[in-house]
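The values are calculated or read from the model by the stated rules, or taken from the named source; none is laboratory data. Quick caveat, the model's predicted, so the values are computed rather than measured. We place every Cβ from the backbone using ideal geometry, glycine too, and count neighbours over all the protein chains shown.
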Amino acid sequence: MRANEVFSWLGPERTRRLLEELLKETPGAAGVALGAAAEAFRLRPQFLRRQPIEKRAEWVRRALSRPSSAPAAEQVLAEYFLSAHRPLLLELLDALGVQHEEGELQELSPACPEAKQLRQTVTSFRKGEGPEMRELLLRAFAAQSAISWPALEEMLT
């Protein structure tokens with residue numbers, strides 16, 4: 001799974017909420033997302049900023065869904081969870097046993113837990129409060145280029 005596929009998976013309403021949170025919590029990541037949309041659709045940034053949030057979100061979703069936008073999509077998702085949903089990110093990393101410092105991975109490519117342990121951890125994590133956000137985090141985590149865990153990707157399909 002790649003980060004652009006996560007944006008393909010998101011619907012318009014979820015993308016709008018994500019963009020609203022980015023604009024409020026992580027302006028830099030919002031700028032990356034809006035910049036990708038402006039570039040992909042040859043829009044002037046000033047024009048894009050004046051559009052209703054629903055329109056901006058749809059352009060962002062469509063732009064970051066493109067395979068060529070995978071690096072930008074990965075950056076946006078990482079910053080989104082590091083800034084706007086850090087406690088949830090820390091909960092997942094701790095449950096998976098991934099070494100991190102306040103959500104930032106300590107290892108370049110952490111090892112995947114054993115299949116049984118991974119399955120139990122993911123099942124338990126999904127049962128927590130806010131299942132929609134938890135599912136998005138699982139997909140965003142699996143889409144990070146540092147994570148190559150086929151067993152996790154299989155659970156998300």
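What about ARG14, is it under 14 Å from the mean Cα position of the chain (by Cα), of a type outside the set (S, T, N, Q), surrounded by fewer than 17 Cβ atoms within 10 Å (Cβ to Cβ) and closer than 30 Å to LYS116 by Cβ? No. For segment 124-145, the criterion of being more than 18 Å from MET1 (Cα to Cα), out of contact with any Phe, Trp or Tyr (no Cβ under 6 Å at 6 or more places or on another chain) and part of a strand (DSSP E or B) is satisfied by no residue at all. For segment 125-157, name all the residues that are of a type in the set (Lys, Arg) and surrounded by 14 or more Cβ atoms within 10 Å (Cβ to Cβ). Within segment 125-157, ARG134, ARG139 meet the criteria. Looking across segment 95-112, the residues that are farther than 18 Å from ARG134 by Cα and surrounded by 15 or more Cβ atoms within 10 Å (Cβ to Cβ) come down to HIS100, LEU105, PRO110, CYS112.
Of the numbered criteria (1) of a type in the set (Val, Ile, Thr); (2) within 29 Å of LEU23 (Cβ to Cβ); (3) part of a helix (DSSP H, G or I), the one THR121 fails is (2).
Checked against (1) assigned by TED's automatic domain parsing to the domain that holds ALA151; (2) within 17 Å of ALA142 (Cβ to Cβ), LEU77 passes all but condition (1). Taking the numbered list (1) outside the structural domain of PHE125 (by TED's automatic domain parsing); (2) among the aliphatic types (A, V, I, L, M); (3) crowded, with 19+ Cβ neighbours inside 10 Å; (4) at pLDDT 95 or above in turn, LEU92 passes all entries but (1). For segment 39-69, how many residues meet the condition of being under 21 Å from ARG14 (Cα atoms), without any contact (Cβ under 8 Å) to a residue 24 or more places away in the chain and of a type in the set (A, V, I, L, M)? The number of residues fulfilling the criteria is 1. When you scan segment 35-48, do you find a residue that is assigned to a helix (DSSP H, G or I) and within 23 Å of ALA142 (Cβ to Cβ), even just one? Within segment 35-48 (the criterion being assigned to a helix (DSSP H, G or I) and within 23 Å of ALA142 (Cβ to Cβ)), the answer is yes, since at least one residue qualifies. Residue count for segment 52-67 satisfying the condition of being surrounded by 15 or more Cβ atoms within 10 Å (Cβ to Cβ) and farther than 20 Å from GLU5 by Cβ: 1.
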